[in-house]
Amino acid sequence: MATAGSAVGLGNIWKFPYIAGQNGGGAFLLVYIICVILFGLPLLMTELYIGKQSGKSVYGAFRTLRKNNRWQWLSWVCMLTGLVIMGFYFVVTGWCFHYFTAAITHAYKGMDSASLLDHFHGLVSDFPTMLSYSFLAVLLTAAVLWFDVNKGIERLSKILMPLLLIMMFLMAGRVLMLDGSNIGIQFFFQADFSKLTPQVVLAALGQCFFSLSIGMGALITYGAYMPKEQDITITSVQVAFLDTLVAILAGIIIFPAVFAFGVNPAEGPELVFVVLPEILEKMSFSWLSGILFFSLLGIAAITSTISLMEVVVAFATEVSAHTRHPLNRHKSVILVSITVMVMVTACISSMTGSPSWLIIGGHTLFDWFDKLSSCVFMPLNAFAMALFVGWFLPKDGIAHQLGNQPGIKTYIADCYIQIVRFLVPLAIIAIFLNGLGLWK
Ligand code: PHE
């Protein structure tokens, strides 16, 4: 449940629809599903395996398994990736919080998509408001880590996650009754292969890593906490399935509405915030539905930020343990929170356009953090982890850890080894070289 809580978040409900909308809908969905099966699943297993086998979080995992420091750099890159993701993820979490308060005051009542878009642009150019909501998200996450109540959150999400799913099913049902919803369904489910470019494939790969939390060490940490008898293969299949289900459901909610309301599907990061309030207004008990949905979305976001911040906090504690100034957990939480707040402030300043040097190459820091983490850091880290397990660890331990069912155990392990040795690294390099040159 904790791993699913890390995976299911804004990546599914906010990012997936906007990336799919920008990359041609149906063709993207198809490539995305292939990526989840071909790369997502084996890499989920890889990270959980590294964590479970070593019993350590990112900093200690590689050196424990290899008994030397040669792979230590990878833990540093994972930690940096976590910081980069948090630099923009907290901004989007802040948007969710803002829409939650807007739901309470029913501020978006009666707005059409044009005024909702204006409302969103108003929010993004409002530095103090954005900063306060994002800081609130950072502080909430820090409080969970400070008071060590992850377990409580996990128990809470056991109830809330199914509730979010039910809510999304209801919203999908409502959206499908809108006039013209079939155009959106066609856009999302009919693959137009003329739209399939190397850039779309890279976007799908990056989205798959981001959505499944692969390639920054969160799953290593969760693997380390995994009970001995828990089956890595089954857990990975369940998490990948649930995560993809939520993403597809988000697409079924967003795209019919996008076309019914006359919004551009390639609108970008604002897409879901322009469409969701209008959908919620059309639900029965619209006021309550809005409050319920945005609170569930906020909680889904926080279960992801907890896993992101946990990696960096654990890292800071462990690294400093070998220095003259060891940090205890509380000091690490403070240090990491301040660092993240600085990054979030830079990100928001860049979005509001001042100072102008924070807009680099025509893109805001928000875009840079978003693209760099999904399309560069996470695939490269995952690539390195696949090589690490495929080529540098003894194979017999893997078969033992991957499954508890004798019989299929060795079969799964054999397939798995070939995939992480050859398929995953080669395919990531190919997609990377092809897609990166074409990145706009
Ligand atoms: N997978 C999370 C989401 O979909 C984001 C995340 C990425 C969380 C990496 C942890 C690590 O929202």
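The values are calculated or read from the model by the stated rules, or taken from the named source; none is laboratory data. No experiment lies behind these values; they were computed from the predicted model shown. No Cβ is skipped: glycine too gets one built from the backbone with ideal geometry, and neighbour counts run over all protein chains shown. Note: areas computed on protein heavy atoms with side chains; ligands, DNA, RNA excluded. Shrake-Rupley method; radii C 1.70, N 1.55, O 1.52, S 1.80 Å.
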If you stretched the chain out fully between Asp192 and Ile34, how much longer would it get, using 0.36 nm times the residue separation minus the C-alpha to C-alpha distance? 55.3 nm
Can you give the extra length, in nm with one decimal, that the chain gains between Met1 and Asp179 once fully stretched, where that is 0.36 nm per residue apart less the Cα-Cα distance? 60.3 nm
Projecting each Cα onto the charge dipole of the range 111-196 (Lys/Arg +1, Asp/Glu -1 at the beta carbon, about the Cα centre), which of Pro162, Phe135, Ala172 comes out farthest on the positive side? Pro162
Taking the 0 to 90 degree range and rounding to the nearest ten, how far is the long axis of helix 150-176 tilted relative to the main principal axis of the chain, both from C-alpha atoms? 40 degrees
At a probe radius of 1.4 Å, what is the per-residue accessible area of Asp243, in Å² to the nearest 10? 0 Å²
Cα gyration tensor of the range 104-255, axes a ≥ b ≥ c as square roots of the eigenvalues: rounded (a/c below 1.5), prolate (a/b > b/c) or oblate? oblate
What is the Cα centroid distance between the range 110-188 and the range 3-45, reported in whole angstrom? 17 Å
Any idea of the accessible area per residue across the chain, 1.4 Å probe, to the nearest Å²? 40 Å²
Full-stretch length increase - Thr339, Leu80 - with 0.36 nm per residue and alpha-carbon distance subtracted: 92.1 nm
Return the carbon/sulfur percentage of the accessible area of the range 163-308, one whole number, probe 1.4 Å, all protein chains in place. 67 percent
Test of the criteria: in the range 20-105, which trypsin sites (Lys or Arg not before Pro) are in a DSSP loop and have at most 16 other Cβ atoms within 10 angstrom of their Cβ? Lys67, Arg70
With a ≥ b ≥ c the root eigenvalues of the C-alpha gyration tensor of the range 329-440, is it rounded (a/c under 1.5), prolate (a/b larger than b/c) or oblate? oblate
Cα long-axis angle, helix 271-281 against the chain (0 to 90 degrees, to the nearest 10): 60 degrees
So the FRET efficiency between Phe422 and Phe241, C-beta based with R0 = 25 Å and rounded to 0.05, is 0.50
Could you give the distance between the Cα centres of the range 57-80 and the range 283-345, to the whole Å? 22 Å
Of the residues Pro227, Pro379, Pro256, which exhibits the maximal mean-square fluctuation in a Gaussian network model of the chain defined by a 10 Å Cα contact cut-off? Pro227
Return the calculated 222 nm mean residue ellipticity for the chain, to the nearest 500 deg cm²/dmol, obtained by summing -39500 (n - 2.57) across DSSP H runs with n ≥ 4 and dividing by the residue count. -24000 deg cm²/dmol
Angle between the Cα long axis of helix 232-261 and the longest principal axis of the chain, 0 to 90 degrees, nearest 10? 20 degrees
Given R₀ = 45 Å, what would the calculated FRET efficiency be for Ser286 paired with Gln72, taking r from the Cβ atoms and rounding to 0.05? 0.25
Looking at the P(r) of the chain, how many percent of alpha-carbon pairs lie beyond 33 Å? 32 percent
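How about the range 236-289: which chymotrypsin sites (Phe, Trp or Tyr not before Pro) there lie in a loop by DSSP and see at most 13 other Cβ atoms within 10 Å?
Answer in residue order: Phe285.
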